[in-house]
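Worksheet: the structure to be examined is printed underneath.
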Amino acid sequence: MPYKVPKLKDYSPEALDRVASELLTALAEEARVVTDEPQWRALRDRWTARKNGIVTQINDLWLKGAPKEAKRTAGQKVNELKAKVADVVESRRVKQINLSVTDSLEFSDSVSAEVIPRLDITLPGIRRPIGAEHPIIRTSNEIVSVFQKLGYSVAEGPVVETDYYNFEALNFPPNHPARDTQDTLFIAGEQSKPARDRLLLRTHTSPVQIRTMEKMRPPIRIVIPGQVHRNDPPDASHSPMFHQIEGLAVDTNISFGDLKGTLDHAMKALFGSSVKTNFRPSFFPFTEPSAELYVTCFICGGSGKRGKDDAACRPCKQTGWIEVLGCGMVDPNVFEFVKDNGYDPKNVSGFAFGMGVDRLALLKYSVDDLQLFFQGDVRFLQQFS
């Protein structure tokens, strides 16, 4: 009869040795009759299956049912049995594989075309599946690589910033709307600190521009990817956490023409050589003059219509243009905060730009809901692998 794990009432060392001997004897008898792979699998499942295998049963019936004073002795015996059971089952598997190979060799003369050894050590090993970049990270890396080829370095900075670096040093006056708690996520318990030292979650990656200029003298050319946070309720086009890439170039005699040429080249590298760029006046506290950069819609080709039936192009709202980023010449007031490190606004000039990576990823991959990027649904993300 198949072995059945008994319940124990006596946990003395002698009783444990007796039941352990009975278990191992039963295992040896069952293992002895194993002659092929299916039989070995049945043996393995019966003795080592995680849910109801005999090893699991002795753990539940002998160890968990043991009185407190016998727990240590029972635990040692159960662990010893687990190791012996695993050794016997595995050794029987090795023996079966060797027998299979030997049998194959014995019959190779008569049925060489049909008999193949079960174990072929010349085959390549099993490779672990490799994942793919998240679509937002992929888009970010593509943008960064464009500017790296233009000689820009990558700069990074802390996500938890001070009011000074996030606002004051970027020419945001104390009453600027961006300082309002309706937009900015402030760290609690900072009321006792001076206003410029209070901590918050950065609303843009621009603080890294100031930090870099404090450490490096001009000329500099940096591109700054990273996460930013704003108090926006999550919906199809907004998220309290999103990604930005900003750029800064400072040198002598830099003009708005340099800004236009740099961004025009970058947009053509990202969206194709056929796209056109359009700069429209705007306002940003840390640049003057400022502009918003539009590119011809790379989905409808600038026509505002899609498909054979001339349906309206939703991404560009039938205008043929898509807003990509904000940019401008660095305001001289910003240079005043780092004037002592070689950034005298009388001697140097520069331009800056910033774009939202998430929005570009939405357009690039024709996704209609921003939240899909952050929900961790593998079925959605597998489409981009």
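The values are calculated or read from the model by the stated rules, or taken from the named source; none is laboratory data. Just so you know, these numbers come straight off a predicted model, no measurement behind them. For neighbour counting, all protein chains shown are included, and Cβ atoms are generated from backbone atoms with ideal geometry for every residue, glycine included. The protein model used for the area step is the full one, side chains on, heavy atoms only, and it has no ligands, DNA or RNA in it. Shrake-Rupley method; radii C 1.70, N 1.55, O 1.52, S 1.80 Å.
Based on this model, can you work out whether K82 counts as charged (D, E, K, R), surrounded by 12 or more Cβ atoms within 10 Å (Cβ to Cβ), over 25 Å from L119 (Cβ atoms) and under 45 Å from the mean Cα position of the chain (by Cα)? Give the derivation first.
Working: charged (D, E, K, R): yes; surrounded by 12 or more Cβ atoms within 10 Å (Cβ to Cβ): yes; over 25 Å from L119 (Cβ atoms): yes; under 45 Å from the mean Cα position of the chain (by Cα): yes.
Spelling it out, K82 is indeed charged (D, E, K, R), surrounded by 12 or more Cβ atoms within 10 Å (Cβ to Cβ), over 25 Å from L119 (Cβ atoms) and under 45 Å from the mean Cα position of the chain (by Cα).
For the range 282-322: of the residues being within 30 Å of N166 (Cα to Cα) and aromatic (F, W, Y), which is nearest to the chain's Cα centre (by Cα)? Spell out how you get there, then give the answer.
Let us first name the residues in the range 282-322 that are within 30 Å of N166 (Cα to Cα), namely 282-295, 322.
In the following step, the residues that additionally are aromatic (F, W, Y) were identified as 283-284, 286, 294.
On the way: F283: 34, F284: 32, F286: 32, Y294: 30 Å.
Checked the range 282-322; the qualifying residue nearest to the chain's Cα centre (by Cα) is Y294.
Within the range 361-377, residues that are at positive phi reach partners that are of a type in the set (A, V, I, L, M, F, W, C) and surrounded by 10 or more Cβ atoms within 10 Å (Cβ to Cβ) with beta carbons closer than 8 Å, at six or more positions or on different chains, in the pairs S366/I299.
Conditions (1) among the acidic types (D, E); (2) surrounded by 18 or more Cβ atoms within 10 Å (Cβ to Cβ), marked per residue:
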{"position": "E168", "(1), (2)": "yes, yes"}
{"position": "H176", "(1), (2)": "no, no"}
{"position": "A188", "(1), (2)": "no, no"}
{"position": "D197", "(1), (2)": "yes, no"}
{"position": "L201", "(1), (2)": "no, yes"}
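Report whether or not P233 is surrounded by fewer than 17 Cβ atoms within 10 Å (Cβ to Cβ), closer than 30 Å to T162 by Cβ, of a type outside the set (F, W, Y) and over 33 Å from the mean Cα position of the chain (by Cα). It would help to see each step written out before you state the result.
Working: surrounded by fewer than 17 Cβ atoms within 10 Å (Cβ to Cβ): yes; closer than 30 Å to T162 by Cβ: yes; of a type outside the set (F, W, Y): yes; over 33 Å from the mean Cα position of the chain (by Cα): no.
It is false that P233 is surrounded by fewer than 17 Cβ atoms within 10 Å (Cβ to Cβ), closer than 30 Å to T162 by Cβ, of a type outside the set (F, W, Y) and over 33 Å from the mean Cα position of the chain (by Cα).
From the list I121, I126, I137, I130, the lone residue that is open to solvent by 20 Å² or more (accessible area, probe 1.4 Å), in a helix (DSSP H, G or I) and farther than 20 Å from G326 by Cα is I137.
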